[in-house]
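Can you read through this structure? Questions will come right after.
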Amino acid sequence: MSQDNELFGQSKASEVNVQEFLHKYISNWKWFLICVIISLSVGYVYIRSQIPQYIVETDILIKDNKSSGDEKDLLQSLNVNTSGKVIDNEIEILKSNSLVEKVVNDLNLQNSYFVKNRISEVVVYRNIGYNVELLKANENTYNQPWSVKVINKNQAIFNGQTLNVNKPVQTEAGLIMITTDNTSINNNLLFVNFNTAPNVAQGIISNLSIEPTTKNSTVLSIKLQDANVDRGKDVLNKLVDEYNQAGIDDKNITTANQLVFLKGRIDSLAIELSSVEKNVQDYKSTNKITDITAESTAALTAMQTNDQALTQLNLQMGSLKNLESYLSSPSTGQAKLPAMLGIADPTLLALVQQLGEAQLRKESLLRTIPETNPVISSINDQISALRQTIAQTVQNLKSSLLESQKQLQAISNQFESNIRNVPLKERGLIDVMREQDIKNTLFTYLLQKREETALSLASTTADSRTINAARGNYIPIKPVKSTLYLTFLLLGLFLPFGVITGKEVLNVKVRKRSDIEKHTDTPIIADISQAADYDPLIVISKPRSMLAEQIRAMRSNLQYIIPGKNDKVLLFTSSISGEGKSFVSLNLGASLATTGKKVVILELDLRKPKLNVALGIDNQIGISNYLIDQNSYADILKPIPHQENYSIITSGPNPPNPAELLLNGKLDVLIEQLKKDFDYVILDAPPIGLVTDAQILSQWADATLYVVRYNYTYKSQIPVIEDLRQKGLFRNLNIVFNGVDLSRNGSYGSGYGYGYGYGYGYYSDDKPQRKSILNLLKK
């Protein structure tokens with residue numbers, strides 16, 4: 001069997017497979033070229049239709065406002081977070097909807113203008129000369145772009161409707177008003193898209209990229225993708241301005257609250273001081289007092305000093321009470337801390353400052369993230385810890401102040417006891433003057449604090465600094481032409497590749513030699529091409545045709561299959577009806593007869609005989625009559641017209657039991673007699689996939705030729721041939737590949753494996769043909 005495989009080209013299966021694979025695609029190069037051209041053309045139109053996108057960027061430095069020195073160490077010892085601004089939080093603030101919506105409203109970006117070219121759009125920004133203001137929207141406002149053209153400073157055309165400029169007009173897009181400015185008017189036809197600020201802001205956020213320049217850096221690189229570089233610059237610059245202003249506003253909340261408190265307290269104290277000064281004036285006038293003795297002066301001076309210290313303590317106690325009230329009240333999340341007037345304790349001041357900063361940070365984050373966020377929970381824990389620490393510190397400081405207050409009060413009582421010795425009038429004067437001095441000292445202190453607070457409010461700066469102003473690259477980043485052209489090129493190559501491969505994968509019929517060789521080691525003795533001629537004896541009618549030459553090549557190969565002189569019986573069968581076994585067997589017999597050999601063909605397909613119909617021979621008497629002893633051997637043997645040495649025994653009338661007739665022993669006698677009278681006996685058997693007649697007839701065959709038809713026989717039927725070969729049910733089993741389409745020879749193999757795969761173009765009887773051989777026996 002290995003020799004047979006080598007003889008018929010089986011040893012080069014792997015090489016043929018590579019050639020087949022390449023030829024399958026190379027033979028369709030025109031389709032590849034057409035698809036690539038079409039795909040690149042579509043890619044060109046697609047690229048031209050896209051609006052170019054540009055990158056605009058800016059860089060800002062986020063200042064790290066960390067505590068320093070002893071204060072930092074103190075807060076760390078209290079387990080309070082002293083880190084500066086969290087970069088991730090600042091990024092979220094920059095990308096917040098509220099901040100970007102302010103930018104959209106300030107720059108009036110709700111409307112976008114563009115010019116339509118043939119297949120593309122160009123965004124127009126600035127230098128338009130007018131603005132289309134949407135006063136009231138309707139259901140059509142946001143569904144489409146609207147055409148607008150300003151004719152002059154008084155009239156304009158909006159979506160085909162002529163209207164007056166600078167006046168509200170009801171249109172299909174809603175109530176609008178076109179207003180002009182002092183710049184020159186763009187008289188070209190423009191299109192305007194109306195949108196809402198939240199939608200525009202969301203679009204900007206989706207194209208906004210913010211990230212630190214390095215892992216540990218506080219410098220943020222802000223990039224925006226926009227269809228217009230100038231518009232992108234304005235958006236980034238305005239975004240940074242709004243971010244800085246928002247930071248300043250957050251920092252000024254506590255300072256502004258303190259300033260309001262100081263102004264109110266100063267106003268009320270001014271009224272009290274005026275009243276006290278009036279009392280001093282009235283007392284001196286009533287008692288005609290012009291001077292005070294040295295003793296009274298000294299006592300008064302000492303008492304004043306003591307009273308100032310006591311006043312300072314009272315002021316501190318008041319501040320502590322206000323702070324206690326604030327701490328005992330439910331947390332509202334507001335950063336309005338009470339003023340810490342007179343408090344000099346650095347620990348308490350630092351804790352209160354940290355509490356205020358934590359609350360400000362919480363308020364800032366709540367604008368962008370929900371209260372359930374873990375970051376908010378962390379800040380709440382920090383605020384709670386600070387409140388507890390402040391409460392404990394207040395209690396300790398309050399105890400210390402109460403002790404000092406008792407001491408000062410005792411000293412004051414001592415002074416009062418000494419003053420009792422002063423004359424009554426002088427004593428009264430001291431009392432009213434002491435009250436005046438207390439009010440005056442407190443008034444002066446509050447005025448000083450007000451100026452300090454106002455100065456702090458005016459000198460507040462943002463926590464960020466612009467390193468590089470917004471800058472843009474006028475080379476678009478989208479569409480990327482090289483990438484898109486490569487994509488469309490690959491698409492153009494993939495489309496025919498996929499179609500060809502898909503057809504190959506979905507094909508379930510035999511179309512190439514490898515489909516046979518892959519599933520069976522049975523040798524392929526011949527490849528018979530398809531022909532458009534329906535002549536059943538084409539080797540006689542067209543002896544110079546390519547098909548006739550292929551039959552002769554198969555005839556030559558018979559010497560390797562049945563080399564013995566006594567090997568005369570050839571059995572033809574197939575998987576199903578219509579594969580051309582009758583046509584091949586009939587023409588092979590005719591080819592053998594032309595060499596001077598006596599040949600007889602037996603039409604043993606008793607159920608569906610076709611040879612007699614194709615040859616136009618009477619079928620009233622045939623094999624079935626012989627098998628039932630109605631006619632003799634001489635009665636059933638008939639010559640085939642137009643061919644010497646070629647006879648036929650037709651099937652005869654269709655019997656009800658063909659298989660039983662074949663086994664009654666008469667056929668054995670008939671074949672033995674034919675082997676004596678003829679050089680070759682050809683048995684045209686039924687397909688093996690339908691009945692068992694072919695297996696019955698195989699006992700008399702010296703070789704079996706199994707016909708497989710191109711694009712007709714199913715691939716699933718080829719393993720059946722291998723099974724028959726392995727079981728040895730048919731002697732000298734070989735395959736004839738019939739109906740091969742030579743116009744698609746690349747689809748089934750680049751050669752026949754034994755020498756005539758180079759084409760038969762020199763045969764004059766051949767004509768260009770694409771249809772497969774349609775056997776007349778199918779009629």
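Per residue, how big is the convex hull around the C-alpha atoms of segment 151-277? Give it to me in cubic angstrom, could you?
Normalising the Cα hull of segment 151-277 by residue number yields 257 Å³.
Given q = 0.22, 0.29 Å⁻¹, what are the Debye log10 I(q)/I(0) values for segment 652-699, with equal point scatterers placed on the Cα positions and solvent ignored?
Listed by q, the Debye log ratios stand at -0.90, -1.24.
Once the Cα gyration tensor of the chain is found, what semi-axes does its equivalent ellipsoid get, as square roots of 5 times the eigenvalues, in whole Å, sorted largest first?
Ellipsoid half-lengths, sorted descending, are 116, 34, 21 Å.
If you build the Cα gyration tensor of segment 528-580 and take the root of 5 times each eigenvalue, what three semi-axes come out, in whole angstrom, biggest first?
23, 16, 9
Kindly give the semi-axes, whole Å and largest first, of the ellipsoid equivalent to segment 219-264, taking each as the square root of 5 times a Cα gyration tensor eigenvalue.
Semi-axis lengths for segment 219-264 are 36, 10, 5 Å.
Please list 707-714, 516-523, 243-250 highest first by mean number of surrounding beta-carbon atoms within 10 Å per residue.
Most protected by this proxy first, the peptides run 707-714, 516-523, 243-250.
Roll a 1.4 angstrom probe over the protein heavy atoms and tell me the percent of accessible area of the chain that is carbon or sulfur.
Carbon with sulfur: 52 percent of the solvent-accessible area.
If a helix is a whole DSSP H run, which ones in the chain reach 27 Å or further along their own axis (Cα) and hold a mean Kyte-Doolittle hydropathy of at least 1.0?
The answer, listed by residue number, is 29-49, 481-506.
Non-local amide H neighbours of L733 (under 5 Å, H modeled in plane, Pro and chain starts lacking H): which ones?
Those qualifying (amide H under 5 Å, at least 5 residues apart or on another chain) are T704.
Further question: Over 25 Å between Cα atoms: which of K503/K581; K95/K167; K610/K666; K542/K608; K263/K284; K24/K509 fall into that group?
Among K503/K581; K95/K167; K610/K666; K542/K608; K263/K284; K24/K509, the Cα-Cα distance tops 25 Å for K503/K581; K95/K167; K542/K608; K263/K284.
In whole Hz and in residue order, list the ³J(HN,Hα) couplings for segment 647-657 that follow from phi through the Karplus curve 6.51 cos²θ - 1.76 cosθ + 1.60, θ = phi - 60°; x for Gly and Pro.
10, 9, 10, 6, 6, x, x, 5, x, x, 9
I've got another one for you. Suppose R0 equals 41 Å. What FRET efficiency, 1/(1 + (r/R0)^6) with r the Cβ-Cβ distance, do D535 and T501 give to the nearest 0.05?
Efficiency at R0 = 41 Å is approximately 0.60.
Enumerate the amide H contacts of I601 below 5 Å, restricted to partners 5 or more residues apart or on another chain; note that Pro and chain-start residues carry no placed amide H.
S647, I648, I649, I682
Further question: Translational D (Stokes-Einstein, µm²/s) of segment 434-494 at 37 °C and 0.692 mPa s when Rh comes from the Kirkwood sum over C-alpha pairs?
Stokes-Einstein gives a translational diffusion coefficient of 175 µm²/s.
With a 1.4 Å probe and all protein chains left in place, how much accessible area per residue does the chain have, in Å²?
50
Quick one: Cα convex hull volume of segment 582-718, Å³ per residue?
Spread over its residues, the Cα hull of segment 582-718 gives 116 Å³ apiece.
Could you sort 367-380, 724-737 so that the peptide with the highest average Cβ count within 10 Å comes first and the rest follow in order?
724-737, 367-380
Taking 4 °C and 1.567 mPa s as the conditions, I'd like the Stokes-Einstein D for segment 485-598 in µm²/s, using the Kirkwood hydrodynamic radius from alpha carbon pairs.
So the translational diffusion coefficient is about 75 µm²/s.
Ranked from highest to lowest mean number of other Cβ atoms within 10 Å per residue, what is the order of the peptides 652-660, 558-566?
652-660, 558-566
Would you mind checking which residues have amide H under 5 Å from S574's amide H? H placed 1.01 Å from N; only 5 or more apart, or other chain.
I688, V707
Taking segment 444-537 on its own, what percent of its Cα-Cα pair distances exceed 18 Å?
Percentage above 18 Å: 80.
The values are calculated or read from the model by the stated rules, or taken from the named source; none is laboratory data. No experiment lies behind these values; they were computed from the predicted model shown. Cβ sites come from the backbone with ideal geometry, for glycine too, and all protein chains shown count toward neighbours. Protein only, heavy atoms only, side chains kept; ligands, DNA and RNA dropped before computing areas. Shrake-Rupley method; radii C 1.70, N 1.55, O 1.52, S 1.80 Å.
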